[in-house]
Amino acid sequence: MERWTIESLGHALRNKTVTIEQVAQSYIDRIMEEDVNGPNAVITLNPLWKEDAALLQAAMDEHSPVLHGIPVLIKDNIDTVAMGNSAGSIALQDVPVEQDAPLVTQLKAAGALILGKTNLSEWANFRSTNSVSGWSSLGGQTRNAVSAEYNPSGSSSGSAAAVFADFAVAAIGTETDGSIVSPAAHNAIIGLKPTVGRVPRTGIIPIAWSQDTAGPMTKTVTDAALLLDVLTSTDAHDPATQLQPKNQGSFTQNCQTDYLRGKRIGYLLPDERFPALVADSFSQVIHQLESAGALCIALEPVPTMVTLQDHEITQMCCEFPEALASYIRTRRPLSAYKNLADFADFNRQHADTVMPLFKQEWFDRCLQMPPTTSQAYHDAQDAIELFRHDLRDLWFKEHDLDAVVTATNGPAWRLDPKFNDSYTGGNSYIAAVSGWPSITVPYTFVEGLPLGALFIAQPWEEAELLGIAFGFEQRVQASEEKP
């Protein structure tokens, strides 16, 4: 079976080399044969995939959109009428979904074939401080698709593993902090976290409106750009989307091999949180960028990074109860559980099934937090705004930067529920807390495990970010092809 990309499969479909039904069947067969004993990435299949594929094939012609007939998997915290939406929790598995999330509607309108839903870290990894990434009470444990002995990271664990395992052409993940870029890096794929507000969040089970976003998880940078073209829209129910600049054109516009030439890229070296092997290998990133014509400038951490995590936790913990209650009220009114306290009670009552490996410390903490009208919340927001100011002034303006690059993560850790997650460093928080866009691109394997380079740009600069990431991707691939 060919390892299709959006570009290559679209070309084959338009040339009638293959049909949508044939491609869909091959992916379904692959999932059925390999997923259970492999990554365990897919939590449910679209019961209408055959009918949908046939309808798309009947409508296929040379003028069809680029995404027409492309099989895509969706993270199971995004509303889909045909497959529900669980966030990996058995509490939501039988609660009907009455409307697709807007981003799903957009994908379907562009002709994408929604093949199924992917497993995730339960409640998008915001249930326990001692969680096992990739585990949910509904879907079980997703494993790293590069090496099944290792954790896939989360929370978009299934989306990342499914793309590397080639269970679909691409997948959609979501991120509050690290949940796209971290599993993407650990599974050697591309993960794009857009600017908060670039993609509508209605119909996504939330954590924090200040940081939540959905984004593409793909095999190539160009595919991420093509998906972002489709995912981008405004939404009357999501005020953040109203801030989007108008008429930015296609996000593929800068995907040019020589795009790095003359670019000014700041780099932040891996710190003591990372194993030494990450720092040693990161010199490859700088070398590849400079050899492609970029000017790389060393950066120091901005002062507000020191206390940033405390403010981020306050922001997320204050927003989560309110965001979840609003989601249930507006999107899942038939749920017997109406708010975070109800779901926490459900977990305690079903502890043998829901909490055999870890508890719900984040739920408990959120239930003790003040509302978003409190001074504590506003103080956290003020501190985060100061952090954004530092990023703009001390990094981007002072050095006239086009982007920043740093290590996405350390290598994956071995799966061991007794010891939960054993993080090996990560820098997702820089773009996550600021709400700015970031993209991870794989660049090497160390001891058989992939590492990714994380590129960060200023808000709404996804086209610039994708051009830089594309140039880097092409440089890495060219280096790999040399004897």
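The values are calculated or read from the model by the stated rules, or taken from the named source; none is laboratory data. None of the values given here were measured: they were computed from a predicted structure. Here the Cβ positions follow ideal geometry from the backbone for every residue, glycine too, while neighbour counts run over all protein chains shown.
Observations on the model:
- Selection status of THR129, farther than 26 Å from VAL36 by Cβ, of a type outside the set (Lys, Arg), free of Cβ contacts under 8 Å to residues at least 60 places away in the same chain and surrounded by fewer than 24 Cβ atoms within 10 Å (Cβ to Cβ): no
- Total residues in the range 308-335, condition surrounded by 12 or more Cβ atoms within 10 Å (Cβ to Cβ) and either part of a loop (DSSP other than H, G, I, E, B) or aliphatic (A, V, I, L, M) (or both): 9
- Per the listing ASN125, ASN85, ASN77, the residue uniquely out of contact with any His (no Cβ under 7 Å at 6 or more places or on another chain) and within 16 Å of PRO47 (Cβ to Cβ) is ASN85.
- Highlighted here would be strands (runs of 3 or more DSSP E) found entirely within the range 154-267 that include at least 1 residues which are surrounded by fewer than 24 Cβ atoms within 10 Å (Cβ to Cβ), in contact with a Gly (Cβ under 8 Å, 6 or more places away or on another chain) and without any contact (Cβ under 8 Å) to a residue 24 or more places away in the chain, but there are none.
- SER434 crowded, with 23+ Cβ neighbours inside 10 Å, small (Gly, Ala, Ser), in contact with a Ser or Thr (Cβ under 9 Å, 6 or more places away or on another chain) and closer than 20 Å to MET316 by Cβ: no
- Subset of the range 99-121 [over 15 Å from ILE205 (Cβ atoms) and not small (Gly, Ala, Ser)]: THR105, GLN106, LEU107, LYS108, LEU113, ILE114, LEU115
- Residue count for the range 451-472 satisfying the condition of being crowded, with 24+ Cβ neighbours inside 10 Å and over 17 Å from the mean Cα position of the chain (by Cα): 5.
- Count of the range 90-126 residues, restricted to those that are hydroxyl-bearing (Ser, Thr, Tyr) and surrounded by fewer than 24 Cβ atoms within 10 Å (Cβ to Cβ), is 1.
- Residue within the range 363-375 that is among the hydroxyl-bearing types (Ser, Thr, Tyr) and within 30 Å of GLU290 (Cβ to Cβ) present: no
- A search for C-beta distances below 6 Å between a residue of the range 300-313 that is under 13 Å from TYR377 (Cα atoms) and any residue that is not in a loop (DSSP other than H, G, I, E, B), counting only pairs 6+ apart in sequence or on different chains, returns HIS311/ALA380; HIS311/ALA383; HIS311/ILE384; GLU312/VAL433.
- Lone qualifier among LYS397, LYS418 - being surrounded by fewer than 24 Cβ atoms within 10 Å (Cβ to Cβ) and either among the aromatic types (Phe, Trp, Tyr) or modelled with pLDDT under 95 (or both): LYS418
- Count of residues meeting criterion [at pLDDT 95 or above and in contact with a Leu (Cβ under 8 Å, 6 or more places away or on another chain)] in the range 447-457: 3
- For the range 341-352, a residue qualifies if it is surrounded by 21 or more Cβ atoms within 10 Å (Cβ to Cβ) and closer than 16 Å to PRO206 by Cα, and exactly one does: PHE343.
- Members of the range 365-380 that are surrounded by fewer than 17 Cβ atoms within 10 Å (Cβ to Cβ) and assigned to a helix (DSSP H, G or I): ARG365, LEU367, GLN375, ALA376, HIS378, ASP379
- Selected residue (criterion: farthest from ALA383 (Cα to Cα)) from residues of the range 288-299 that are within 27 Å of the chain's Cα centre (by Cα) and assigned to a helix (DSSP H, G or I): GLN288
- Test: residue in the range 265-281 that is polar (S, T, N, Q) and in contact with a helix residue (DSSP H, G or I) (Cβ under 9 Å, 6 or more places away or on another chain): no
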